[in-house]
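*Asks:* Sending over a structure as structure tokens; questions will come in a sec.
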Amino acid sequence: MDRKLQNWKKFCQYYSGDFYGIWTRYSTTGDVIESWRCIRSFRPTAEGSEIHQQNHYTYANGKTETKTFGPYKQPITTGLFLDNGFSWGSSTVKSGSTFFSDICLRYENSRATAIAKYDESGSLKRFTVFPEHLGHFLDAVAHGGDPKTALHRFVNVPALAPAHQISSDWQGTVQTITPDWQISAPVVTSWQPLDDLPKDYLRLHFTNGISISCPAQVESGKEFFVAVDWLVNQTVLQRGTRHYDQSGFTSFTVEVFRI
């Protein structure tokens, strides 16, 4: 199958439907700036040649808003898709332009997304983080609420311990996709805690087992990466990483670990 078409097929397969999530914006020190509800609706046409997206937002003050994106037309999409995650973002660091990294990890009907946004000078500005579930809000169902109207921020969902406190014996595989849609075969990989990655990187641990590691400053012509961990449960851990070399974006990898 054509690589570009294969990428489109994964988009249709894994990201069609209504995804319910609570989006939270954080400062670079991990403080909550604001939080709101969003239902992301992806609707493919009957023949699968287009996908239409609408985001339905409900803010803390009660205001509602709908934004329309696309339509996305086969086989063009800005994202790179693997079975367990996808990513899109800036391809290069350009002086005077903002820079962002968007990484989404997938497990069954749940998703976890973390976005890092940098300003025009390359300084880290903020994070936006949101867990999602297909068809309903997870926290509302777990605690007897209405799955369609819940607005609270998953505050009652028990927090999982950091991955390194659960086990140091995670076993996993890694798969890579490049900007020209080449996908590698999965290969065995070893797990390293985010805290063992470059010491000068910022590391923050958010709710629902989502963590991020990234540089506080990005510069053109320098290698760096942005990594997002999602501790799905006590036996499954995922990591998505956007890799950059001196020329710009080179690949997106997804690692899946189990105990």
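Bear in mind that the values in this text are calculations on the coordinates, not laboratory data. Quick caveat: nothing in here was measured; it's all calculated off a predicted structure. Cβ sites come from the backbone with ideal geometry, for glycine too, and all protein chains shown count toward neighbours.
*Asks:* Give the average over all directions of the projected area of the C-alpha convex hull of the chain, one decimal, in nm².
*Replies:* 14.2
*Asks:* Still on this model: Multiply the residue gap between Thr28 and Gln165 by 0.36 nm, knock off their C-alpha separation, and tell me the result in nm, one decimal place.
*Replies:* Values: separation 137, 0.36 × 137 = 49.32 nm, distance 2.44 nm.
In short, 46.9 nm is gained.
*Asks:* Tell me the volume per residue, in Å³, of the convex hull enclosing the alpha carbons of the stretch 195-242.
*Replies:* 77
*Asks:* Using the crude model of +1 on Lys and Arg Cβ and -1 on Asp and Glu Cβ, and no other charge, please compute the dipole size for the stretch 3-258 relative to its Cα centre, in debye to 20.
*Replies:* 500
*Asks:* Quick check: residue separation of Thr173 and Lys4 times 0.36 nm, minus the Cα distance between them. What number comes out in nm?
*Replies:* Computed gain between Thr173 and Lys4 is 58.5 nm.
*Asks:* Moving on to the next point. Just name one of His136, Gln192, Gly70: the one whose Cα is farthest towards the positive end of the charge dipole of the chain (beta-carbon charges, Lys/Arg +1, Asp/Glu -1).
*Replies:* Gly70
*Asks:* Next up: Evaluate the distance, in nm, between pseudo-label points positioned 7 Å from the Cα of Asp245 and of Lys67 along their respective Cα→Cβ axes.
*Replies:* In this crude spin-label approximation the distance works out to 3.4 nm.
*Asks:* Let me ask you something else. Among Val236, Tyr118, Tyr15, flag the residue with its Cα farthest along the positive direction of the charge dipole of the chain, charges on Cβ as +1 for Lys/Arg and -1 for Asp/Glu.
*Replies:* So the residue we want is Tyr15.
*Asks:* In the structure shown, do any of Lys94/Lys125; Lys94/Lys222; Lys10/Lys117; Lys9/Lys73; Lys4/Lys73 have a Cα-Cα gap over 19 Å, and if so which?
*Replies:* Cα-Cα > 19 Å for Lys10/Lys117; rest within.
*Asks:* Sort Arg126, Arg40 by Cβ crowding within 10 Å, fewest neighbours at the top.
*Replies:* Fewest to most other Cβ atoms nearby, the residues stand as Arg126, Arg40.
*Asks:* How many nm is it between the label spots at Gln182 and Ser121, if each spot is 7 Å from the Cα in line with the beta carbon?
*Replies:* 3.9
*Asks:* Additional query: Multiply the residue separation of Ser16 and Asn233 by 0.36 nm, subtract the distance between their alpha-carbon atoms, and state the gained length in nm to one decimal.
*Replies:* Length difference between fully extended and current span is 75.7 nm.
*Asks:* Taking a label point 7 Å from the Cα of Gln217 along the Cα→Cβ vector, which residues of the stretch 176-206 have an amide N closer than 18 Å to it?
*Replies:* Label zone hits: 198-203.
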